[in-house]
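K.L.:
My questions will all concern the structure given below.
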Amino acid sequence: MNKNILLCVSGGIAVYKAVALVSKLSQAGANVKVIMTASARQFVNPLSFQVMSKNDVYFDTFDEKDSNVIAHIDLADWADLILVAPATANIIGKLANGIADDMVSTTLLATTAPVWIAPAMNVHMYDHPAVKRNLDRLAADGYQFIEPSEGFLACGYVGKGRLEEPEKITTIVQDFFSATATPKPLTNKTVVVTAGALYVPFDEKHMIKPPANGVIGQALANEARTLGAHVIQIEDSSLNDLMQQLENYKNQDPEVLFIHAANVPTIEKTPLISVEGIKAVTFGQEVLGEPLLSIQSERWIDFSEEAQINGQIIATTNPQHFARTLWAQILKGEEQ
Ligand SMILES: Cc1cc2nc3c(=O)[nH]c(=O)nc-3n(C[C@H](O)[C@H](O)[C@H](O)COP(=O)(O)O)c2cc1C
């Protein structure tokens with residue numbers, strides 16, 4: 001595994017396991033660099049990580065050792081993959097809210113590399129609604145997770161919250177890089193995804209915008225990217241602009257795949273969107289033409305708890321999981 005892995009270590013009792021993780025990743029051939037939060041340094045001295053990774057350890061955003069680069073940007077660009085392990089409730093909350101007040105959180109916002117989060121904390125912390133909300137938000141933003149395992153926790157409780165074992169994390173990382181080495185199913189495909197709301201004119205002065213939070217569209221776009229597609233994401237646009245753009249994309253590439261996950265007002269004057277001659281996936285909107293797949297749900301997909309894909313009921317409460325299932329169905333349909 002000749003890959004650059006940036007390990008971001010935040011301050012939980014499992015920091016000692018992160019030292020073993022650096023060792024396992026290095027043994028598997030990875031080049032590992034480590035950034036620590038101030039709290040993480042309360043648990044383990046940076047020297048342990050330095051020795052294991054054979055690289056400098058970073059923890060101060062303003063300690064610029066090399067005047068040719070800005071360290072956090074350089075590290076963010078260097079990484080093929082970033083692991084946040086252990087991820088505290090605090091760093092999860094900061095990332096979910098775009099806070100960048102130390103070297104770890106700043107680097108996490110500066111990267112375009114995949115970021116995997118391995119939460120580790122007390123079972124009640126993990127179950128706290130605020131932590132759950134932040135994890136859901138990160139899932140919708142496309143972050144991947146290495147779920148904590150169940151067992152004895154350092155705080156004396158038994159439950160979910162233990163950092164996954166370093167050997168297991170290393171295997172997951174190795175599998176990820178071997179999977180990405182093989183061609184992806186949507187490589188060279190263009191996918192246009194609408195998310196959020198589409199506005200339509202109500203009268204000369206007013207537009208109507210239906211409620212939408214865009215989570216499903218976002219998750220579908222993220223999954224398409226993971227599958228190798230060139231994704232054009234259209235968020236909160238007007239229906240007229242969308243129709244124009246769709247026509248252009250169809251002319252550029254007749255094979256373009258259109259996922260219409262944005263909520264469209266159902267007022268009488270709403271013009272129907274044309275998916276004539278285009279492979280389209282719709283979510284119960286009335287359209288002109290034959291969509292490849294039409295998904296039904298009781299309420300608008302962003303707010304619904306389940307949806308029907310090809311007669312199969314699928315939960316929508318975990319948008320990432322829903323997106324994976326839907327893409328698997330689309331790809332299955334494409335093969336036939
Ligand atoms: C002994 C001890 C163990 C802790 N273990 C955890 C933990 O496992 N998970 C967690 O989220 N916070 C844990 N904390 C609390 C965090 O250290 C604290 O929230 C800190 O602000 C996290 O900062 P950081 O995210 O910048 O590293 C622990 C604190 C102490 C004193």
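No value in this document is a laboratory result; all are computed from the given coordinates. What you see is a predicted model, and the numbers here were worked out from it, not measured in a lab. We place every Cβ from the backbone using ideal geometry, glycine too, and count neighbours over all the protein chains shown.
K.L.:
Take the chain, connect every pair of alpha-carbon atoms lying under 10 Å apart with a spring to form a Gaussian network, then pick out the residue of M207, M125, M52 with the largest mean-square fluctuation.
P.N.:
M207
K.L.:
Restricting to DSSP loop positions (anything but H, G, I, E, B) with no more than 12 other Cβ atoms inside 10 Å of their own Cβ, which chymotrypsin sites (Phe, Trp or Tyr not before Pro) remain in region 31-106?
P.N.:
F62
K.L.:
Sticking with this structure for a sec: Could you list S149, S297 so that the one with the fewest beta carbons within 10 Å of its beta carbon is first and the one with the most is last?
P.N.:
Taking fewest neighbouring Cβ atoms as first place, the list is S149, S297.
K.L.:
How much space per residue, in cubic angstrom, does the convex hull of the C-alpha atoms of region 219-336 take up?
P.N.:
111
K.L.:
Could you pull out the trypsin sites (Lys or Arg not before Pro) across region 19-100 that fall in loop regions by DSSP (anything but H, G, I, E, B) with no more than 12 other Cβ atoms inside 10 Å?
P.N.:
K54, K65
K.L.:
How compact and how long is region 4-181, expressed as Rg and Dmax of its alpha-carbon atoms in Å?
P.N.:
Answer for region 4-181, Rg first and Dmax second: 15.1, 49 Å.
K.L.:
How many nm is it between the label spots at A20 and E268, if each spot is 7 Å from the Cα in line with the beta carbon?
P.N.:
So the two model labels end up 7.0 nm from each other.
K.L.:
When the chain is fully extended, how far beyond the present Cα-Cα distance does H128 get from V69, taking 0.36 nm per residue of separation?
P.N.:
Between H128 and V69, full extension yields an extra 17.3 nm.
K.L.:
What's the longest bit of the chain with no exposed GluC sites (Glu not before Pro), using DSSP loop states and at most 16 other Cβ atoms within 10 Å as the test?
P.N.:
65-203
K.L.:
Same structure, new question: For the chain, build the charge dipole from Cβ charges (+1 Lys, Arg; -1 Asp, Glu) around the Cα centre, then report which of A130, I216, Q308 sits farthest towards its positive end.
P.N.:
Value: A130.
K.L.:
Considering only C-alpha atoms, what is the centroid distance from region 223-298 to region 68-90, in Å?
P.N.:
Region 223-298 and region 68-90 have Cα centres spaced 36 Å from each other.
K.L.:
Continuing with the same structure: Determine the dipole magnitude for region 190-335: charges of +1 sit on the beta-carbon of Lys and Arg, -1 on that of Asp and Glu, nothing else is charged, the reference point is the Cα centre, and the result goes in debye to the nearest 20.
P.N.:
220
K.L.:
In which sequence would L83, L138, L272 go, from the one with the fewest C-beta neighbours within 10 Å to the one with the most?
P.N.:
L272, L138, L83
K.L.:
Further question: Using only Cα atoms and rounding to the nearest 10 degrees, what angle (0 to 90) does helix 239-252 make with the longest principal axis of the chain?
P.N.:
Its long axis makes an angle of about 80 degrees.
K.L.:
Residues with amide H under 5 Å of I309's amide H, sequence separation 5 or more or different chain, H placed in the peptide plane at 1.01 Å from N; which?
P.N.:
The answer is I314.
K.L.:
Going down the table (K17/K94; K54/K132; K94/K205; K184/K250; K132/K184), which pairs top 29 Å between alpha carbons?
P.N.:
Pairs exceeding the cut-off: K54/K132; K94/K205; K132/K184.
K.L.:
In the chain, if every C-alpha pair distance is counted and binned at 20 Å from zero, what percent goes to each bin?
P.N.:
For the chain, the binned pair fractions read 28, 50, 21, 1 percent.
K.L.:
Rounded to the nearest 20 Debye, what is the dipole magnitude of the chain about its Cα centre when Lys and Arg each give +1 and Asp and Glu each give -1 at the C-beta?
P.N.:
The dipole of the chain has a size of about 860 debye.
K.L.:
Relative to the longest principal Cα axis of the chain, at what angle does helix 129-140 sit, 0 to 90 degrees, rounded to 10?
P.N.:
60
K.L.:
Between H206 and N188, what length comes free when the chain is fully extended (0.36 nm per residue of separation minus the Cα-Cα distance, one decimal in nm)?
P.N.:
2.5 nm
K.L.:
³J(HN,Hα) across region 260-266 via Karplus (A = 6.51, B = -1.76, C = 1.60, θ = phi - 60°), whole Hz, x for Gly/Pro?
P.N.:
These are the phi-based 3J(HN,Hα) values: 9, 9, 7, 7, 10, x, 9 Hz.
K.L.:
How much FRET efficiency would the formula 1/(1 + (r/R0)^6) give for L288 and E255, where r is the Cβ-Cβ distance and R0 is 22 Å, rounded to 0.05?
P.N.:
Result of the calculation: an efficiency of 0.65.
K.L.:
Further, regarding this structure: Cut-off 20 Å, label point 7 angstrom out along Cα-to-Cβ of N4: give me the residues of region 84-119 whose amide nitrogen falls inside.
P.N.:
84-85, 103-117
K.L.:
So for S294, S105, fewest C-beta neighbours within 10 Å to most, what's the order?
P.N.:
S294, S105
K.L.:
By how many nm would the segment from F303 to V158 grow when fully extended, if each residue of separation counts as 0.36 nm and the alpha-carbon distance is taken off?
P.N.:
Contour length minus the Cα-Cα distance gives 48.8 nm.
K.L.:
Would you work out which of G12, T37, A85 lies farthest towards the positive end of the dipole of region 4-181? Charges go on Cβ: Lys and Arg +1, Asp and Glu -1.
P.N.:
Of the candidates, G12 comes out farthest on the positive side.
K.L.:
Residues of region 31-56 with the amide nitrogen closer than 18 Å to a label point 7 Å from the Cα of I13, along Cα-to-Cβ, please.
P.N.:
Taking a point 7 Å out along Cα→Cβ of I13, the residues of region 31-56 whose backbone N falls under 18 Å are 39-45.
K.L.:
As a check on your grasp of the helix formula, calculate [θ] at 222 nm for the chain: sum -39500 (n - 2.57) over DSSP H runs of n ≥ 4, divide by the residue count, round to the nearest 500.
P.N.:
The per-residue figure over the chain is -11000 deg cm²/dmol.
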